[in-house]
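*Asks:* Let me give you the structure first, and then I'll get to my questions.
The values are calculated or read from the model by the stated rules, or taken from the named source; none is laboratory data. This is a predicted model, so every value here is computed, not measured. Ideal geometry is used to build each Cβ from the backbone, glycine not excepted, and the neighbour counts take in all protein chains shown. Accessible surface is based on the protein model in full, side chains and every heavy atom, while ligands, DNA and RNA are left aside. Shrake-Rupley method; radii C 1.70, N 1.55, O 1.52, S 1.80 Å.
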Amino acid sequence: MTSSTSLLILTFLSLMSLHLIVPAFTANSNSTPNSTLILLSCGTSGTIQDTGNNRTWVGDIGSKYISQETSETSTIPYQNPEIPKVPFSAARIFTSNYTYAFPLSPGRYFLRLYFYPTNYSNHLASDSYFTVTVHPYTLLSNFSAFLTVEALNYDYLIQEFSINITSTTLNLTFAPSTKNLNAYAFINGIEIVPSPDLFSLSPAYLASGGDLTVFPYDSGMAFQTMYRLNVGGQSLAPSGDSGGLYRSWDDDSTYIFGAAFGVTFQNDSNVTIEYPKTMPQYIAPILVYETARSMGPNPQINLNYNLTWILTVDAGFYYLLRFHFCEIQYPITMPNQRVFNIYINSQTAQTQFDVISQSGGIGRPVYEDYVVNTSGSGQMDMWVELHPDIATMPEYYDAILNGLEVFKMSMVGNNLAGLNPVPIATNTVNTSQAYGKRHHGSKGNVATIIGGAIAGGVLFLSLVGICLLMIYKRQKKKERETEEGNISDNMAVSMSAKTNIISASTPTESNNSIQSASARTFRYGR
């Protein structure tokens with residue numbers, strides 16, 4: 001651990017005495033505090049029903065949350081039918097600093113900001129650069145929703161933050177950038193959901209490669225949700241979340257590294273998920289614990305690779321990773337049947353992790369929190385890996401995971417703002433760059449895809465033709481140099497030998513490459 005990291009941790013330990021950590025409600029409670037849910041559809045008036053999630057949005061025109069500062073509204077003339085109508089049918093535009101004031105009781109809240117970058121009136125989508133703050137936190141800085149969705153190849157996004165409000169008002173300020181000509185800010189929807197303190201109920205451990213060290217928790221910290229994955233299962237809509245928190249859970253398969261997907265499965269029909277008394281149901285819905293991904297049934301294969309997820313994040317921040325576990329299939333019912341190690345960015349977070357030992361039995365959920373520090377700037381790949389631990393001679397060489405959440409932490413200067421991503425090449429989808437994918441609706445262009453496929457086919461046939469021509473010329477040269485023998489037979493034998501060499505060598509080379517990659521992955525977290 002570096003001296004700067006140690007100093008930062010000691011600083012937070014001293015700050016803990018200045019913050020009284022009071023959970024929003026007891027661990028046995030399964031719902032959020034009794035407080036007002038705010039769903040604000042910006043740039044509209046009246047109410048709009050979100051039938052898919054059974055929620056009602058209220059327009060901000062004439063709303064009590066509107067300040068006297070200048071702003072304008074704009075409707076969207078054309079909208080892709082795949083994009084949710086609520087709250088993406090209109091927007092509020094700001095050409096100068098603008099503040100929404102929400103009267104709230106002190107406590108922790110989820111704040112979700114909805115962005116659909118498009119041309120609004122005389123404002124180009126590419127001109128939107130702005131900063132978003134909730135005192136004392138900087139949530140976004142010089143933020144471009146346009147660049148973000150272009151980099152992700154998506155149409156819209158939702159940025160989710162967890163903020164602890166100590167006053168009676170949440171002041172949400174949008175400030176157009178002063179660095180960009182014609183810059184403006186915009187917002188399509190604002191959602192504020194009262195939340196328990198999800199981060200204070202259990203300790204988080206620093207993933208430093210050594211012994212487990214408890215990471216100091218400060219109740220004043222803000223968090224940004226980067227990923228929330230239902231591992232081994234399907235995406236879960238906000239209406240399917242627990243505790244009335246309206247969280248989205250994404251399918252994890254997009255983020256699996258390489259071809260080693262492991263196996264996915266559901267709970268056995270005679271296994272019922274039962275939360276321990278110390279674990280509230282709002283931690284995660286039952287559906288998350290009813291599915292899982294493991295490495296597979298072959299112990300020799302499992303020992304030669306890591307089950308790996310790659311998640312693109314902003315460098316230079318601390319991150320809290322929450323791992324959700326639950327054994328849901330027989331015969332895993334006893335300790336030391338399935339034991340594994342957890343690695344984050346090549347650092348050992350946990351060795352000899354045994355779900356049954358930690359949870360107390362089959363069908364009983366448990367979660368573990370780990371904190372990792374990242375350095376640099378821009379975007380980087382965060383590696384999350386699981387590998388069997390053989391030190392205790394477990395019955396099965398395997399690993400399991402049911403859910404995974406990644407939160408950016410406002411450790412330094414109350415800042416959560418990262419840099420804008422660099423857009424990828426047009427019509428190219430890079431799954432390792434699917435940063436915050438759960439927040440977006442995908443773009444579709446069938447004609448482009450078909451055209452690309454045809455062009456690729458033509459190019460392939462052209463290359464084949466060139467290769468055949470070169471082989472033909474080389475063979476003709478060989479014929480001229482041959483002084484004896486049956487030219488035709490020799491040519492047939494030569495071509496047959498080449499074919500056999502190609503058929504035999506290609507899989508071997510491929511296998512060698514795979515083995516090399518597996519060995520490299522296996523060592524990554526050691």
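*Asks:* What do you get for chymotrypsin sites (Phe, Trp or Tyr not before Pro) in the stretch 67-152 restricted to DSSP loop and a cutoff of at most 11 other Cβ within 10 Å of the site's Cβ?
*Replies:* Numbers: sites: TYR78, PHE88, PHE94, TYR98, TYR100, TYR109, PHE110, TYR114, PHE115, TYR120, TYR129, PHE130, TYR137, PHE143, PHE146; in loops: TYR78, TYR129.
In loop regions of the stretch 67-152 (DSSP not H, G, I, E or B), the sparsely surrounded chymotrypsin sites (Phe, Trp or Tyr not before Pro) are TYR78.
*Asks:* Right, here's the next one. Quantify, in whole percent, the carbon and sulfur part of the accessible surface of the stretch 196-327 (1.4 Å probe; protein heavy atoms only).
*Replies:* 50
*Asks:* Same structure, new question: In whole percent, and with a 1.4 Å probe on the protein chains, what portion of the accessible area of the stretch 66-141 is carbon and sulfur?
*Replies:* Answer for the stretch 66-141 is 48 percent, counting heavy atoms of protein chains only.
*Asks:* Sequence-distant or interchain residues sharing an amide H contact under 5 Å with ASP197, placed H: which?
*Replies:* Here the answer is ALA24, PHE25, since their amide H atoms fall under 5 Å of that of ASP197.
*Asks:* Spin-label point model (7 Å from Cα, Cβ direction): what's the VAL412 to ILE83 distance in nm?
*Replies:* The two pseudo-label positions are separated by 3.6 nm.
*Asks:* Name the GluC sites (Glu not before Pro) in the stretch 358-417 that are in a loop by DSSP and that have at most 16 other C-beta atoms within 10 Å, would you?
*Replies:* Here the GluC sites (Glu not before Pro) that fit, given the DSSP loop and packing criteria, are GLU395.
*Asks:* Under the rule of at least 5 residues apart or a separate chain, name every residue whose amide H is placed under 5 Å from the amide H of THR44.
*Replies:* Here ASP60, ILE61 satisfy the definition.
*Asks:* What is the sum of charges, Lys and Arg at +1 and Asp and Glu at -1, for the other residues whose Cβ falls under 12 Å from the Cβ of LEU401?
*Replies:* Around LEU401, the surrounding residues sum to -3.
*Asks:* Could I ask something else about it? I want the local charge near ASP354. Using Cβ-Cβ distances under 14 Å, sum +1 for each Lys or Arg and -1 for each Asp or Glu among the other residues. Walk me through the numbers on the way to the answer.
*Replies:* Numbers: positive: ARG338, ARG364; negative: GLU327, GLU368, ASP389, GLU395, ASP398.
Spelling it out: positives minus negatives among the neighbours equals -3.
*Asks:* Right, next: At a Förster distance of 30 Å, what's the computed FRET efficiency of THR392 paired with THR272, Cβ-Cβ distance as r, to 0.05?
*Replies:* Once the sixth-power term is evaluated, E becomes 0.60.
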